[in-house]
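The values are calculated or read from the model by the stated rules, or taken from the named source; none is laboratory data. Remember, predicted model here, so these are calculated numbers, not experimental data. When we count neighbours, we look across all protein chains shown, and the Cβ atoms used for this are built from the backbone with ideal geometry, even at glycine.
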Ligand code: FAD
């Protein structure tokens, strides 16, 4: 195990700035003259400046980590990125990679390309972190190429953006027999397996039963990823493979298994219904209320939730896409910092890990533990009551409302969801029509007015959108860290001390898509605006093209789409 220490930092500086080596050489040869003296001073100055830099270690190069790196502009940090993946992957296009609609290389961008032009010093190490030592501010890492090569990195600030792993719910046989759809390699494996199944089923010496089994594709999980994959697979089979494998085309079957009563549960009911009907029309076998209990190398056993009936489905390829779970290294860290009875790492609203100082966590590996208004209600009342009268006028309440909304996002969410324009509406709800502009509120009435707002608190979804917004929020905090350290009071005026240097993280939902195949997509945009069909597919194309992290990937993705329109998908077994 080695430590990335001052020696390595010195040698790196010498590699980066050859004149320093010249200076050292002159010093050695001359035995230390005037020239050597003045030159030798240079590295010390430079190094002293570097040593003063705070070291930020970023774990992960996914949506959260990359968004943080792209938005970090303050050159006063020395950043070290550790991740087993030396690239960023645009995960929303992975289902398209599984069938060759888009090529794998088109959806990835090397992390070194992303940070290359930055004014911040960023180093990348291809390794995985296996232990976080919060007490000594160190992370323990292991090279991905050689598991025995371990090293330790010190940090001043740690940004944990390690994402999550696939959740198998400990279902027997899943790990051994199912494919996942989480990483680019998973998508490539699926692509190979689909073609493999078709080639095997096409062999002359195979029984009809075996042929049928080989062409039975099972997708477990009716969330957006499972649904999109099933739709992509259906398009691949019906648009391309049936022409190439005419002998077996009638035997192909795609099944989608979902444990709850409907697919796409997080979407508007109209989208769920449309998707279910479309899948029925397309011949995708949709089994809802069906829980997978066991997977063997050739069969999947399911149990009907209502009747308890167990049945088996023979399969050629099974893709498991049922959600995410916490990585072991994060679990271990949670134990260390006393977050024992939690499923996922908890942070405060500033993305700082609860129970630690300079550690931040974002993206799929963390969740924000939103503070309840009711926990602080007396302090808020006291602060808002500017004339210390023991009651609150509507004007005083109104004056505090912006700060309350800043600090507790659930308040503005509550006002928005209830279509309330302001304080009087809130008062009307608790006091009835007697609520007036001139009313003075006691603490009890104030509590009553805000008593419902905490019910609006919801965990943020594990999506790229949340992870990317958190990354750019945190980078913005880091960019302004100096300024805020000098002036510790932030915009939360009723809380003068403590952690309130920045506005808490606020998620802005920009809408979500569910591609359903056949050039049709369902879109649910802010304000519950729902659009389904071909026009939404074009919206999907333009949004996903615009969201690419570089012009290189943007042009590759767009040219892949054009290539697919003209020539179809490639079915070569490579
Ligand atoms: P990730 O993007 O998973 O990144 C985690 C990073 O940590 C990776 O670089 C990984 O290599 C690294 N890492 C892992 N272990 C270690 C370790 N021990 N040490 C150091 N680094 C480590 N979201 C949407 O909003 N819209 C979509 O359309 C959408 N579609 C999706 C489709 C698919 C197929 C999938 C799998 C996900 C999709 N998502 C979508 C969800 C979205 O991808 C995730 O929410 C998002 O990737 C989370 O970002 P993250 O940075 O937290 O984690």
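When each of 353, 319, 340 is tested for being touching a residue at least 60 places away in the same chain (Cβ under 8 Å) and assigned by TED's automatic domain parsing to the domain that holds residue 65, the lone residue that passes is 353. Taking the conditions exactly as written (in contact (Cβ under 8 Å) with a residue 12 or more places away in the chain, within 24 Å of residue 574 (Cβ to Cβ) and over 32 Å from the mean Cα position of the chain (by Cα)), does residue 199 satisfy them or not? So residue 199 fits the description; yes. The residue that is surrounded by the fewest Cβ atoms within 10 Å (Cβ to Cβ), among those in segment 522-555 that are in a strand (DSSP E or B) and within 22 Å of the chain's Cα centre (by Cα), is 525.
Within segment 511-533, being out of contact with any strand residue (DSSP E or B) (no Cβ under 7 Å at 6 or more places or on another chain) and in contact (Cβ under 8 Å) with a residue 60 or more places away in the chain holds for 517, 518, 528.
If we keep just the residues of segment 343-353 that are part of a loop (DSSP other than H, G, I, E, B) and closer than 20 Å to residue 165 by Cα, which is nearest to the ligand (Cβ to nearest atom)?
The residue in question is 344.
Counting only helices (runs of 4 or more DSSP H) that sit wholly inside segment 17-125, not one has at least 2 residues that are exposed (fewer than 13 other Cβ atoms within 10 Å of the Cβ) and at pLDDT 95 or above. Of everything in segment 534-554 that is in contact with a helix residue (DSSP H, G or I) (Cβ under 9 Å, 6 or more places away or on another chain) and without any contact (Cβ under 8 Å) to a residue 60 or more places away in the chain, the residue that is nearest to residue 241 (Cα to Cα) is 541. For segment 287-314, a tally of residues being buried (at least 22 other Cβ atoms within 10 Å of the Cβ) and either closer than 24 Å to residue 91 by Cβ or in contact with a helix residue (DSSP H, G or I) (Cβ under 7 Å, 6 or more places away or on another chain) (or both) returns 2.
Find the residue count for segment 137-153, including only residues that are assigned to a loop (DSSP other than H, G, I, E, B) and either surrounded by 15 or more Cβ atoms within 10 Å (Cβ to Cβ) or at pLDDT 95 or above (or both).
2
Any idea which of 76, 106, 96 is within 28 Å of residue 319 (Cβ to Cβ), touching a residue at least 12 places away in the same chain (Cβ under 8 Å) and more than 14 Å from the ligand (Cβ to nearest atom)?
106
Applying the criterion of being farther than 22 Å from residue 78 by Cβ and free of Cβ contacts under 8 Å to residues at least 40 places away in the same chain to the residues of segment 143-171, the residue that is farthest from the ligand (Cβ to nearest atom) is 170. Given the criteria in contact with a strand residue (DSSP E or B) (Cβ under 6 Å, 6 or more places away or on another chain) and touching a residue at least 12 places away in the same chain (Cβ under 8 Å), does residue 194 qualify? Considered against the rule, which asks whether it is in contact with a strand residue (DSSP E or B) (Cβ under 6 Å, 6 or more places away or on another chain) and touching a residue at least 12 places away in the same chain (Cβ under 8 Å), residue 194 comes out as no. Can you go through 113, 86 and tell me which one is away from the ligand (no atom under 12 Å from the Cβ) and under 30 Å from residue 562 (Cβ atoms)? So the residue among 113, 86 that is away from the ligand (no atom under 12 Å from the Cβ) and under 30 Å from residue 562 (Cβ atoms) is 113. Looking at segment 354-362, is at least one residue more than 16 Å from the chain's Cα centre (by Cα), within 16 Å of the ligand (Cβ to nearest atom) and either over 21 Å from residue 62 (Cα atoms) or in a strand (DSSP E or B) (or both)? Yes, there is a match, as at least one residue in segment 354-362 is more than 16 Å from the chain's Cα centre (by Cα), within 16 Å of the ligand (Cβ to nearest atom) and either over 21 Å from residue 62 (Cα atoms) or in a strand (DSSP E or B) (or both). Elements of the type helices (runs of 4 or more DSSP H) sitting completely within segment 403-511 and holding at least 3 residues that are assigned by TED's automatic domain parsing to the domain that holds residue 357, modelled with pLDDT of 85 or more and within 29 Å of residue 544 (Cα to Cα): these cover 464-479.
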